[in-house]
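Asks: First, the structure itself, so that you have it in front of you.
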2 protein chains.
Amino acid sequence: MPQYTPPLRDMQFVLHELLDVTSELKLLPRHADIDAATMNAVLEEGGKFAAEVLLPLNLPGDQEGCTLDKATHEVRTPKGFKEAYAKYVEGGWPALSVEPEFGGQGLPIVLNQCLYEMLNSANQAWTMYPGLSHGALECLHAHGTEEQKKTYLPKLTSGVWTGTMCLTEPHCGTDLGLLRTKAEPQADGTYKLTGQKIFISAGEHDMAENIVHLVLARLPEAPPGSKGISLFVVPKSNVKPDGSLGERNPIFCTGLEHKMGIHGNATAQLTLEGATGTLVGEPHKGLPAMFVMMNAARLGVGNQSLGLTEVAYQNAAAYAKERLQMRALSGPKAKDKPADPIIVHPDVRKMLLTARAYAEGGRALAIYCALLIDKMIASDDDDERKDASDQLALLTPIVKAFITDNGWIATSHCLQVFGGHGYIAEWGMEQYVRDARINMIYEGTNTVQSLDLLGRKVLSDNGAKLKKFGRLIAAFVEEEGTNEAMQEFVNPLADLGDKVTKLTTELGMKAFANADEVGAAAVDYLRVAGHLVFAYFWARMAKVALAKQQEQGEAADSFYTAKLHTARFYFAKLLPETAGLIRSARAGLAPLMAMDEALF
Amino acid sequence: MPQYTPPLRDMQFVLHELLDVTSELKLLPRHADIDAATMNAVLEEGGKFAAEVLLPLNLPGDQEGCTLDKATHEVRTPKGFKEAYAKYVEGGWPALSVEPEFGGQGLPIVLNQCLYEMLNSANQAWTMYPGLSHGALECLHAHGTEEQKKTYLPKLTSGVWTGTMCLTEPHCGTDLGLLRTKAEPQADGTYKLTGQKIFISAGEHDMAENIVHLVLARLPEAPPGSKGISLFVVPKSNVKPDGSLGERNPIFCTGLEHKMGIHGNATAQLTLEGATGTLVGEPHKGLPAMFVMMNAARLGVGNQSLGLTEVAYQNAAAYAKERLQMRALSGPKAKDKPADPIIVHPDVRKMLLTARAYAEGGRALAIYCALLIDKMIASDDDDERKDASDQLALLTPIVKAFITDNGWIATSHCLQVFGGHGYIAEWGMEQYVRDARINMIYEGTNTVQSLDLLGRKVLSDNGAKLKKFGRLIAAFVEEEGTNEAMQEFVNPLADLGDKVTKLTTELGMKAFANADEVGAAAVDYLRVAGHLVFAYFWARMAKVALAKQQEQGEAADSFYTAKLHTARFYFAKLLPETAGLIRSARAGLAPLMAMDEALF
């Protein structure tokens, strides 16, 4: 059974030493009182909940899965999930970063980010139940009527009710313009929804009193395609004017998917048989309204793989220090033992350090993005809000796709460290790989993310958002230009920055001639951009660590030594991947499109 | 449910057009009569068996798995497995490439290679039952006494009995020197074996009358470590002098592993409670004897991933042509339909072509290696046998590790083509990914393969084997140097060849100073070497295709067009990976070893 120690020290490093979030947050009126000690205390408690309550349910939850009672349409979640959720609600965790107006604690998003990383490390399948509620809450907050807000937000905030996003149908996932679920207006201003939704995460379960479904559907005579889609809120049980639950709404779970992983989460087929809903936002403007949820959800998916990468690393590192097998090629190291621990083997270390560098780099990026959201929500400076929003738009597809691709690589490496035991369910490592796989698909496949990055975020405004981020990098490189100890980090960073600029220009010109050139290069491009962003954060982390070492002298905390070694590993062994990626991106469209479809 | 069409045309291309195996085989006395028509007919029948009998059992077999009756120690395989095996035996397939002396058909190994690729495509878990028998058979053939051969080989040849390799114990996998199973000599010349083995594939089942276990164990007072290990043959049921089955031998299945994949294969824990065995080969020489099996098994594991890559590709390509979703960025292609088939999207094609290029490249390499084995076995020319043996020694770790790593990448890509549906069990794609994962681990992890390649096969003889293969490449490059149409293939091939030579020299010098440098670079090196070998075969395949196109003119078979497009894709989009790998390999040991073990 895997173990998990919440990485509080590293989170504190990112929050306080790298990003100095308390100083940044103090500039935001609503967070003026926040201090580091409070933040650390919250995370310590959150970490305890993750490690003590959720982690023990992860492996059994995977083995048991969810079960549907076809007669009642009710779903039973794995043993212990319901009780854990009750504790989570009791602890006030769902309300952590929600506005006080609806009963929330109003703490910054950076804390919620760290909390969720730990929940995901402990149990991704469980964490999706409260995780989906956040999106529903934000969406209703942004687009709901006062009535809808009053009805749903307090219960979603407290977590007594949970939420879902109902988008996908059997014939459409990425292409929501094709969706067919219908909404018929009723005399009382409500709508009756009829149709079939699939792949609805946390779509039915026994953990909450009610489930608030946000459903995309078409009004009668809606325009075809994506401009004819409206958004509705459809509760599992209707809500009476006094807030108590009324009769069951006919939105029924008619099937659960058998999946590669996240078995503990109910992936529901939902059949709407004239279910009552109310319109959220404007008619036919459902897709943009839903995208409020989608952007948060994409960051959330990156966070899932960040959590898996961390926990897989921790377990693989522990195993590598214990497992005795063979001798180092350079001669025995543990001479008193029958063999050396496998951590003496360079490639075992390479696999471990890959996971570690991806976890720590991902953590820095993800917390940075959470801070951008805090600024977007709470700054009273228009320019700062705009700047944060631009940066976040650029970084969101990178968080989603780069961190989840890295999570796939990292969890697979960590499985490999266990040798044959990694393939056996009881060790828990193969579950991390299976769970990690979905993160590359849902909330927009990683190909879709790459098109979003290169097509919409980079090329569509002539690289303005990219240049903005590039200026941060250039300023940092400039600043450290005279710091001898930083050359090993800033030189490759600057070099990659130049290459990305050149590549972007080249791709922009190609795309001008043929839009499909974007699709041919986008996945490689995103991975190169991801490395540029990681290289920037790794260089900044190295700077902090070097400064602390200098400051502390001989008594320096070994945490900084480890940080520097991991930074050096990142630049030496992971960043070079960009050389091949850039070549592949530049090879363009022709090698992909030349072959006639019939020949595949 | 996945579909599968045996790739007979592509196999015939490799056999007859690329390698001209019939001409090569005719030089080997025992295969003087072989002709292409016979070979093709055998493969057509083998393909039918795979597609019609095995494929339908693959998905249900994964879902049902194997069950152990703890009282009787008997294992029940999934529904239909037993009956399919009976048909396989009835069809004479186990005997295909076995020497006629023991009842085999004596057909060349190249045919068995192609047969097994198809069996693996259809059902890897099932194919492991007969697959393991081959190793046992070869091992007894090479090292058994006349008595042992007479007792076991005919039944293993016909497939009435199956075989296993019993190496791993709970505390040792890679490091067999640590193994503890004991063998006590008895007055009658037999031995009583006592101990615990784990991870024994096909270790217990209901498909054959008897199971022939080849077991590594220690004799009393054996030297410690790997030089004190002996090999024994231990049947599940003792065999009477007349060949009939006697009493049950106490080698019991005491547990089945719950694994990530290959659920249809019984991965057994075997407890030996004084089981009767006889010594195979010399005392204390068990490990080298077992390695006869291991080398064949490693090629077999590469073949498993080759099979998975092919079948995953076929299904993803079919899905991509049918699934309608979104429009091409460059404008609608299927204007009469609500959306374009997803094969219009460049990245979908990139994922498909990656799988295709890895499948076809892997097939060329694997059949080439099988032909080397035919030469090793059947040539009467010492030099030719030596040359084949040297080449095979070099290529075996590449087949094992490069093809299985590629299989992991390819099956994951093919899953991704299905979007969310790829994650759902009923589509069958996620099973391919789970099944593919074990191939990177068993029969020597891919890290072990890389050390075998760089340390033992390349550096230990100062690159002699590598140079031998390099001369094949150089000759080809030289030969095509004036062929204008071939420049796009031979130039990058020659360039990579030069880089590998340089890298090898550099690593050899580093390793001279510190043996751990081998471990630091080996995995990157193997992948670069794998690309060099693939580039060689892809260039040769392109040459054949170009020649055929020229010969056939306007009526040219579109098979050759597809082959050329796939070759161009390989050089444009996959080969560039080597740029990053070479950098990473050259970055050396320090970034891996600098961090103190305690800081992990």
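Asks: Quick one: what are the phi-derived ³J(HN,Hα) couplings along region A:170-187, Karplus 6.51/-1.76/1.60 with θ = phi - 60°, whole Hz, x for glycine and proline?
Replies: My calculation for region A:170-187 gives x, 9, 8, x, 4, 9, 5, x, 8, 6, 10, 4, 10, 10, 9, x, 10, 4 Hz in order.
Asks: Where the only charges are on Cβ atoms (+1 Lys, Arg; -1 Asp, Glu), what is the dipole of region A:446-593 about its Cα centre, to the nearest 20 debye?
Replies: Working: 18 positive and 17 negative charges, 79 e Å.
Rounded to the nearest 20 debye, it is 380 debye.
Asks: Apply the Karplus curve 6.51 cos²θ - 1.76 cosθ + 1.60, θ = phi - 60°, to the phi angles in region B:508-520 and return the couplings in whole Hz, x for Gly and Pro.
Replies: x, 5, 4, 5, 4, 7, 8, 4, 5, 4, 4, x, 6
Asks: Sticking with this one: If the label for A:Glu209 sits 7 angstrom from Cα along the Cα-to-Cβ line, what are its distances to the same label in every other copy, in nm to one decimal, shortest first?
Replies: Label point to label point, same position, other copies: 7.0 nm.
Asks: Would you tell me the mean number of C-beta atoms belonging to other protein chains that fall within 10 Å of each C-beta in A:252-265, as a whole number? Intermediate results must be reported in sequence, preceding the final value.
Replies: Values: counts 0, 0, 0, 0, 0, 6, 6, 5, 11, 3, 1, 0, 0, 0.
Partner-chain Cβ atoms within 10 Å, mean over residues of A:252-265: 2.
Asks: Suppose the Debye formula is applied to equal point scatterers at every Cα of region A:272-371; what is log10 I(q)/I(0) at q = 0.10 Å⁻¹?
Replies: Values, matching the q order: -0.52.
Asks: What is the Cα convex hull volume of region B:294-586 when expressed per residue in Å³?
Replies: That works out to 156 Å³ per residue.
Asks: If amide hydrogens are placed 1.01 Å from N in the peptide plane, which non-local residues have theirs closer than 5 Å to the one on B:Val239?
Replies: B:Gly246
Asks: Report the Cα centroid-to-centroid distance between region A:538-600 and region A:496-525 in angstrom, as an integer.
Replies: For region A:538-600 versus region A:496-525, the Cα centre distance is 20 Å.
Asks: Suppose we keep just the alpha-carbon trace of region A:274-313; what are its Rg and Dmax in angstrom?
Replies: 16.1, 48
Asks: Restricting everything to alpha-carbon atoms, can you work out Rg to Rh for region B:161-291 with a Kirkwood hydrodynamic radius?
Replies: 0.96
Asks: Taking the Cα centroid of region B:131-204 and of region B:323-354, what is the distance between the two, rounded to the nearest whole Å?
Replies: Going from one Cα centre to the other spans 53 Å.
Asks: Can I ask one more? For chain A, what is the mean residue ellipticity at 222 nm derived from helices alone (per DSSP H run of n ≥ 4: -39500 (n - 2.57); sum divided by total residues; nearest 500 deg cm²/dmol)?
Replies: -18000 deg cm²/dmol
Asks: Give me the angle, in degrees from 0 to 90, between the Cα long axis of helix A:55-64 and the longest principal axis of the Cα atoms of chain A, rounded to the nearest 10.
Replies: Between helix and principal axis, roughly 60 degrees.
Asks: So, one more: Fully extended, how many nm does the chain gain between A:Ala37 and A:Asp495 (0.36 nm per residue separation, minus their Cα-Cα distance)? Walk me through the numbers on the way to the answer.
Replies: Details: separation 458, 0.36 × 458 = 164.88 nm, distance 3.90 nm.
Extra length from A:Ala37 to A:Asp495 when fully extended: 161.0 nm.
Asks: Then there's this: What does the charge dipole of region B:161-291 about its Cα centre add up to, to the nearest 20 debye, if the Cβ of each Lys and Arg holds +1 and the Cβ of each Asp and Glu holds -1?
Replies: Numbers: 11 positive and 13 negative charges, 52 e Å.
Dipole of region B:161-291, to the nearest 20 debye: 240 debye.
Asks: Return the whole-Å distance between the Cα centroid of region A:1-58 and the Cα centroid of region B:245-274.
Replies: Centre-to-centre (Cα) distance: 48 Å.
Asks: Now for a separate question. With charges set only on the Cβ (+1 for Lys and Arg, -1 for Asp and Glu), what does the dipole of the protein assembly as shown come to about its Cα centre, in debye to the nearest 20?
Replies: 200 debye
Asks: Here is a further query. Give me the percent relative contact order of region B:161-291, please, defined on Cα pairs under 8 angstrom at least 6 residues apart.
Replies: Computed value for region B:161-291: 30 percent relative contact order.
Asks: Relative contact order for chain B using alpha-carbon pairs under 8 Å, separation at least 6, rounded to a whole percent?
Replies: On the way: 1063 pairs, mean separation 75.9, N = 600.
Relative contact order comes out at 13 percent.
Asks: P(r) tail for region A:446-593, what percent of Cα pairs lie past 23 Å?
Replies: So the pairs more than 23 Å apart make up 41 percent of the total in region A:446-593.
Asks: Over all directions, the average projected area of the alpha-carbon convex hull for region A:44-151 comes to how many nm²?
Replies: Numbers: hull surface 31.6 nm².
About 7.9 nm², averaged over all directions.
Asks: Using alpha carbons only, how many degrees (0 to 90, rounded to 10) separate the axis of helix B:577-586 from the longest principal axis of chain B?
Replies: 60 degrees
Asks: For the Cα atoms of chain A, what angle does the longest principal axis make with the long axis of helix A:36-48, in degrees from 0 to 90, nearest 10?
Replies: The answer is roughly 70 degrees.
Asks: Further question: More than 48 Å apart: what percent of Cα pairs in chain B qualify? The partial results should precede the final answer.
Replies: Values: 21131 of 179700 pairs.
Tail of the P(r) past 48 Å holds 12 percent of the pairs.
Asks: For region A:446-593, calculate the relative contact order in percent as a whole number, restricting contacts to Cα pairs under 8 Å that are 6 or more residues apart.
Replies: Once normalised by length, the contact order is 29 percent.
Asks: If you average 1/r over every pair of different alpha-carbon atoms in the protein assembly as shown and take one over that average, what Kirkwood value in Å do you get?
Replies: 31.5 Å
Asks: Can you spot the aspartates and glutamates whose alpha carbon is less than 15 Å from B:Lys468's alpha carbon? Ignore those fewer than 8 places along the same chain.
Replies: B:Asp383, B:Glu384, B:Asp387, B:Asp390, B:Asp498
Asks: If packing is taken as the mean number of other Cβ atoms within 10 Å per residue, what is the order of B:583-593, A:58-68, highest first?
Replies: B:583-593, A:58-68
Asks: Now, a different point. Quick check on my link table: of B:Lys70/B:Lys240; A:Lys333/A:Lys573; A:Lys79/A:Lys150; A:Lys79/A:Lys259; A:Lys150/A:Lys197, which ones sit more than 30 Å apart, alpha carbon to alpha carbon?
Replies: Listed pairs above 30 Å: A:Lys79/A:Lys150.
Where a number appears in this text, it was derived from the coordinates with a stated rule and is not lab data. What you are looking at is a predicted structure, and each value in this text was computed from that prediction instead of being measured. We place every Cβ from the backbone using ideal geometry, glycine too, and count neighbours over all the protein chains shown.
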